[in-house]
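Taken together, the values in this text are just the output of simple stated rules run on the coordinates, not laboratory data. Just so it is clear, the model here is predicted, and its values are computed rather than measured. With ideal geometry, Cβ positions are generated from the backbone for all residues, glycine too; neighbour counts draw on all protein chains shown.
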Amino acid sequence: MFIIVSPARPLPPRDTHGPTPLSQCAPVTDLVARARDVDRLSQRIVPLLPTPLRGHVGFAGLRNDRVLLLVESPVWATRVRMDQAGILAAVHSLGLAASSVTAKVAPIPVPVGDSTAVPKLSPRAAKAIRAAAASMADPDLRALFLELAALAESPSAE
């Protein structure tokens, strides 16, 4: 008796002269798709939150039957607990089933390129950087330190 076995499906061709591209790794593409879905859900929930709370929530998601909000401080976590009924009503308006709300404190990251993220360099700090630059043997590193110290004196740093 012979068993006929169909041949295995061939793998998609890939360059074998280096690492596998991430786009060809199924677990990574699944993770990216899941992350996009979670982000879309967060973008749908956050605008529906009560007005003062909305600006202090970095993420909103649904885990099982619980709404999860990441807030920037314990004060806003308390506010979430106080506004639980309004938050549940907002989530229910999206057709999502949720029975409770949880708030976790997680500092909201500052967006890249935000001018408020770069503090002004003080004259005292610039003086210390210049002193450090004077003691460096590497001319490229010394130039970088002097350039950093010059930021304290430039009008754009204000």
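The set of residues from the stretch 79-102 being without any contact (Cβ under 8 Å) to a residue 12 or more places away in the chain and either in a helix (DSSP H, G or I) or in contact with a helix residue (DSSP H, G or I) (Cβ under 9 Å, 6 or more places away or on another chain) (or both) comprises MET82, ALA85, ALA89, HIS92. Within the stretch 41-72, the set of residues being in contact (Cβ under 8 Å) with a residue 12 or more places away in the chain, closer than 15 Å to SER99 by Cα and either in a loop (DSSP other than H, G, I, E, B) or of a type in the set (S, T, N, Q) (or both) comprises ASP65 only.
Looking across the stretch 50-78, just one residue is in contact with a helix residue (DSSP H, G or I) (Cβ under 7 Å, 6 or more places away or on another chain) and farther than 27 Å from ARG34 by Cβ, and that is PRO50.
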